[in-house]
Amino acid sequence: MVQTLPFPNQRPPNYIKLENEPQFDARKHLNLGSPETIITLSQLGYTEAEVKDCPTSFGVSTAFKILSDEGVAVMHETCNAMYANRNVSVGTGVNRLGSYVRGAGYRSQFIKDFCDSPELAEHLSAMAGVSLARHSVPAVACGVNYAPKDIRKAVDSWHVDSVAFDIVMMVSDPTILEGGEFQYFHGTKMEGQSLLGIEGEEGVDVELPPDRVVTVPFPAAGYGFMQQGNMIFHRACRLKKKAERITMIPSFVVTPATAKDATNSINMSGWDDPGLPAELARHEAWRASARLEKLIDTISLHDDTTALVQQLDEALEPLLKFRNRISAPGKS
């Protein structure tokens with residue numbers, strides 16, 4: 001299995017680490033199943049060229065078993081224990097998440113070890129048809145969403161993700177919920193955004209044509225589905241009645257580090273999670289370092305200066321774009 005960038009040795013201020021947690025054991029806490037259906041990007045309407053520009057044609061799956069009953073019990077207790085220490089700001093934007101924990105791996109060793117599990121990464125990699133590892137940006141590697149206190153607000157409005165691959169796993173009992181469904185638009189993200197008059201990762205709580213919307217059912221807690229989230233236009237609906245609704249959203253990065261990366265560091269640099277700018281800088285430096293190392297072996301003595309400049313620009317461009325963004329955050 002290809003390794004990802006390790007968690008930093010430090011922890012952001014105000015993130016309280018849980019004590020006396022059970023130790024994660026894949027043999028006890030995982031029960032990995034397979035989805036009944038996988039929808040490809042082509043089936044959603046993406047062109048051959050658009051699919052070719054992605055690491056894989058995988059789009060979105062139906063829900064499949066992830067946690068054992070014991071795993072569900074521990075994860076549920078852990079997510080409830082973190083609730084008092086959840087993020088207090090509007091880190092993703094006022095139109096998006098109502099109540100959430102990002103960087104849950106800083107707070108919980110059990111969650112970090114779950115997200116780092118090679119068994120989970122290998123299972124998802126086989127499903128997606130591309131090598132995946134726990135995301136190298138801890139803020140999005142291990143996330144938890146809770147129901148907002150004001151149920152007039154969507155759990156999460158229509159948007160696309162700033163990372164390529166994630167799973168949405170139900171931690172609480174989905175059978176008690178009225179509303180709160182997870183839905184995706186059966187079409188391209190560009191078409192969905194156009195219908196709502198938005199662009200980028202921006203979220204909006206407006207309805208799409210019902211015949212173009214697919215609801216992903218969860219049979220029970222411990223089930224989740226996977227999506228290529230930067231290509232799938234999706235949301236979590238409003239609750240119709242107050243209830244516990246906890247989902248875990250682990251994110252994954254395509255490996256090796258030289259692979260094309262869909263992580264939108266530019267967009268995430270505008271979020272106000274503590275430590276996130278440094279996390280993103282580590283991520284971009286890691287990917288750039290891998291590209292430069294590869295370049296050492298691929299540069300030819302027959303390359304002219306134009307070719308050399310192009311190769312260096314391609315290796316450094318994402319890192320420099322991020323550097324320029326955080327040096328002048330008010331500019332796009």
The range 192-239 and the range 18-35 have their Cα centres apart by a whole-number Å value of 28
Test item: Cα-centred dipole of the range 176-313, Lys/Arg +1 and Asp/Glu -1 on Cβ, debye: 600
Kirkwood-based Rg over Rh for the chain (C-alpha set), two decimals? 0.96
What does the charge count near SER68 come to, summing +1 for each Lys or Arg and -1 for each Asp or Glu among other residues with Cβ under 14 Å from its Cβ? -1
As a check on your grasp of the helix formula, calculate [θ] at 222 nm for the chain: sum -39500 (n - 2.57) over DSSP H runs of n ≥ 4, divide by the residue count, round to the nearest 500. -9500 deg cm²/dmol
Between ILE176 and LYS321, what FRET efficiency comes out of the Förster formula 1/(1 + (r/R0)^6) with R0 = 51 Å and r the beta carbon distance, rounded to 0.05? 0.65
For the chain, calculate the relative contact order in percent as a whole number, restricting contacts to Cα pairs under 8 Å that are 6 or more residues apart. 22
Label 7 Å along Cα→Cβ of GLU199; the range 150-189 residues with amide nitrogen under 20 Å? 158-163, 188-189
Separation between the LYS149 and LYS242 pseudo-spin-labels, each 7 Å from Cα along Cα→Cβ, expressed in nm? 1.0
With contacts defined as alpha carbon pairs under 8 Å and 6 or more residues apart, what's the relative contact order of the range 247-329 in percent? 36
Rounded to the nearest percent, how much of the accessible area of the chain (1.4 Å probe, protein heavy atoms only) is carbon and sulfur? 52
In sequence order, what are the phi-derived ³J(HN,Hα) couplings for the range 305-321 according to the Karplus relation 6.51 cos²θ - 1.76 cosθ + 1.60 with θ = phi - 60°, rounded to whole Hz, with x for glycine and proline? 5, 4, 5, 5, 4, 4, 5, 5, 4, 5, 6, 9, 4, x, 5, 5, 4
HN-Hα J couplings of the range 121-137 from phi, Karplus 6.51/-1.76/1.60, θ = phi - 60°, integer Hz, Gly and Pro as x? 4, 5, 5, 5, 4, 4, 5, 7, x, 7, 6, 10, 9, 3, 4, 7, 9
Name the shape class, rounded, prolate or oblate, that the alpha-carbon gyration tensor gives for the range 1-92, where a ≥ b ≥ c are the square roots of its eigenvalues, rounded holds for a/c under 1.5, and otherwise prolate holds if a/b is larger than b/c and oblate otherwise. prolate
Return the long-range amide H neighbours of PHE165 (sequence gap of 5 or more, or a different chain), with a cut-off of under 5 Å between placed amide H atoms. GLY229, PHE252
Please compute the net charge surrounding VAL140, taking Lys and Arg as +1 and Asp and Glu as -1 over other residues with Cβ under 11 Å from its Cβ. -2
For LEU295 paired with THR47, estimate the spin-label separation in nm (one decimal), with each label point 7 Å from Cα along the Cα-to-Cβ line. 3.0
Return, ordered by residue number, the residues of the range 97-119 whose backbone nitrogen is under 11 Å from a label point located 7 Å along Cα→Cβ of LYS17. 106-109
Per residue accessible area in Å² of the chain, where ligands, DNA and RNA are left out and the probe is 1.4 Å: 47
Which value in nm describes the separation of the simple spin-label points at ASP272 and GLN3, placed 7 Å from the Cα toward the beta carbon? 3.7
Contour excess over end-to-end distance, with Cα ends at VAL214 and ASN85 and 0.36 nm allotted per residue: 43.1 nm
Per-residue HN-Hα couplings for the range 28-38 [Karplus 6.51, -1.76, 1.60; θ = phi - 60°; Hz; x = Gly/Pro]: 9, 9, 9, 8, 7, x, 10, x, 6, 9, 10
When the chain is treated as a Gaussian network with springs between alpha carbons less than 10 Å apart, the largest mean-square fluctuation among ALA73, ALA147, ALA104 is found at ALA73
Just check the range 231-332 against the gyration tensor rule for me: Cα atoms, a ≥ b ≥ c as the square roots of the eigenvalues, rounded for a/c under 1.5, and otherwise prolate or oblate depending on whether a/b exceeds b/c. prolate
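The values are calculated or read from the model by the stated rules, or taken from the named source; none is laboratory data. Treat the numbers as computed from the prediction; the structure is a model and nothing was measured. Every residue, glycine as well, gets a Cβ built from its backbone with ideal geometry; the counts of neighbours run over all protein chains shown. Please note that ligands, DNA and RNA were not included when accessible areas were found on the heavy atoms of the full protein model with its side chains. Shrake-Rupley method; radii C 1.70, N 1.55, O 1.52, S 1.80 Å.
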